[in-house]
Amino acid sequence: MSYFRVTDWDAAYTNGAYIVDGDQWPAAWVEPAKSFRDRLTTAGRAKLDLAYGPAERNRFDLFLPEGQPRGLVVFVHGGYWLQLDKSYWSHLAAGSIARGYAVAIPSYTLCPENRIAGIGKEIAAAITKAAELVGGPIVLTGHSAGGQLVARMMTTTSPLGETIRKRIRHILAISGLHDLRPIMRRSMNEQLRIDDAEAKAESPALLEPVETVRLTCWVGGAERAEFVRQNALLANIWTGLGAATEVVVEPDKHHYSILDGLIEAEHPLTRALLAE
């Protein structure tokens, strides 16, 4: 009988070093994101740097489809709560926009200036502000740390107001980090400062989902084993608590290429995101 055990948490949760040419990301997203923003700005369908709070990074970009939006998609970026901003991901709105949805992409105050709990409150404020501008159903999606943040919105201790929660039709967490306790064992926790209390309060896998939640957990088949495990973990636990859940492992995709599907209107990832 063989057993598996994590002994090096930094290695278990490191992505780029285990991907061929993995050091090209996140820089590889900069140009396509800028090109997409420029194109929609020229078309009059981009509203950039909209404020949702008082902090410097409390800003979001809103991309609009042609005609009246069918609803709102909010994409929350990853970067281990320590890196990046909204400017890297604009092109990922393309698939949803082609299907008639508006897409909001917020930045947020990063750790160590912020705590993960504080980031969650900022994301709730960003969703609320974007929802004031776009009517209809709301769909939340996020990548990696962003997967944790969007799942957190549909728990019984969510920082999101009830009125907005009732509009949320679906959450699609991509390669999400849903149990923060292993991240406490990473060297980066010197900056994140996750402690036992915060891990229990902010890990979606340790929280109760609201009764109305529909959750899809999506991960790449070529990702690190811990991301595949965490992806299945949340759906497994929430299913037992009454949530409607689905787990998808997309073959051959790694932690960065897994996002490519959001660019295409007919890709299974975009179709799953917007399924009614």
Fill in the blank from the handout: Residues meeting the amide H criterion for Arg59 (H placed from the backbone, H to H distance under 5 Å, 5 or more places apart or on another chain) are Tyr52, Ser107
Exercise for the section: Kindly identify the range 226-276 as rounded, prolate or oblate by the Cα gyration tensor criterion: order the square roots of the eigenvalues as a ≥ b ≥ c, call it rounded if a/c is under 1.5, otherwise compare a/b with b/c, prolate if a/b is larger, else oblate. Expected result: oblate
Problem - Antiparallel %, DSSP beta bridges [both residues in the chain], to 5 - result: 25
Problem - Largest-first principal axis extents of the Cα set of the range 157-197 (Å) - result: 38, 22, 14
Practice task
Sort 134-145, 47-58, 263-274 for me by packing, meaning the mean count of neighbouring Cβ atoms within 10 Å per residue, highest on top.
Solution key: 134-145, 263-274, 47-58
Completion exercise
Calc'd 3J(HN,Hα), the range 26-39, phi into Karplus 6.51 cos²θ - 1.76 cosθ + 1.60 (θ = phi - 60°), Hz, glycine/Pro = x, comes to x, 4, 5, 8, 4, 5, x, 5, 5, 4, 5, 4, 4, 5
Practice task
Can you tell me which of 119-130, 161-172 comes out highest on packing, and rank the rest after it, using the mean Cβ neighbours within 10 Å?
Solution key: 119-130, 161-172
Handout entry: Distance in nm between pseudo-label sites at Glu208 and Ala232 (7 Å out along the Cβ direction from Cα)
Key = 2.8
Handout entry: Sequence-distant residues sharing a close amide H with Ile168 (under 5 Å, placed H)
Key = Ile138
Handout entry: Compactness relative to 2.2 N^0.38 Å, alpha carbon Rg of the range 191-276
Key = 1.21
Practice task
Evaluate 2.2 N^0.38 Å with N set to the residue count of the range 126-225, then give the Cα radius of gyration divided by it.
Solution key: 1.13
Handout entry: From the coordinates shown, mean projected area of the Cα convex hull in nm² corresponds to which of (i) 17.3; (ii) 14.3; (iii) 15.1
Key = (ii)
Fill in the blank from the handout: Computed over the range 12-117, the Cα gyration tensor eigenvalues, each multiplied by 5 and square-rooted, give semi-axes in Å (largest first) of 25, 19, 12
Problem - Share of pairwise Cα separations in the range 9-64, more than 13 Å, in percent - result: 71
Handout entry: Within the range 182-202: backbone nitrogen closer than 14 Å to the Ala55 label point (7 Å, Cα to C-beta)
Key = 192-193
Problem - Helical mean residue ellipticity (222 nm; -39500 (n - 2.57) per DSSP H run of 4+; nearest 500) of the chain - result: -8500 deg cm²/dmol
Fill in the blank from the handout: Here the Kirkwood hydrodynamic radius of the range 59-120, Cα-based and in Å, equals 12.4
Fill in the blank from the handout: DSSP beta bridges in the range 26-172: the antiparallel percent, rounded to 5, is 40
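We did not get these values from a lab; they are worked out from the coordinates using the rules stated. The structure presented is a predicted model; accordingly, all values stated were derived computationally and were not measured. All Cβ positions, glycine included, derive from the backbone under ideal geometry; neighbour counts span all protein chains shown.
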